[in-house]
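The next block holds one structure in the form of structure tokens; read it before the comments.
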């Protein structure tokens, strides 16, 4: 195995691809301080590293280059997606949904 093969394996790893994506994301959402930027990079990388293997397995993506691409995109957009998801959950009227679901005849949806 050559050094280039090792470098290719590192570049395709979800941690490295996610780190690259989160570093690119700083260009668009840089944060106010260096500490905020470092936290954004760390969280984007972790999101990509832990979510991309599950996502690519669920989508049955077997090619390493596509898996690395998914990790890069999750590093790039992961924090924005997480923020949008949390806002959607916070704005959902859970009480109304549960009341409507339980109020149906027989309790079945």
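Where a number appears in this text, it was derived from the coordinates with a stated rule and is not lab data. The structure presented is a predicted model; accordingly, all values stated were derived computationally and were not measured. A quick note on method: Cβ atoms are made from the backbone with ideal geometry, for glycine too, and the neighbour counts reach across all protein chains shown.
Across the stretch 13-75, Cα-Cα distances exceeding 12 Å account for 60% of all pairs.
For the pair residue 55 and residue 99, what calculated FRET efficiency results from E = 1/(1 + (r/R0)^6), where r is the Cβ-Cβ distance and R0 = 22 Å, to the nearest 0.05? Approximately 0.05, to the nearest 0.05.
If you count, for each residue, the other Cβ atoms within 10 Å and average over each peptide, how do 85-95, 38-48 line up from highest to lowest?
Answer by packing, highest mean first, reads 38-48, 85-95.
Quick check: the angle from helix 14-25's long axis to the longest principal axis of the chain, C-alpha only, nearest 10 degrees? So the helix axis and the longest Cα principal axis differ by about 80 degrees. In percent, rounded to a whole number, the relative contact order of the stretch 3-107 is 33, using alpha-carbon pairs under 8 Å and six or more apart. Dividing the summed -39500 (n - 2.57) terms of all DSSP H runs of n ≥ 4 by the residue count of the chain sets its mean residue ellipticity at 222 nm at -26000 deg cm²/dmol.
Normalised Debye scattering of the chain at q = 0.17, 0.23 Å⁻¹ gives log10 I(q)/I(0) of -0.81, -1.11, counting only Cα atoms as equal scatterers and leaving out solvent.
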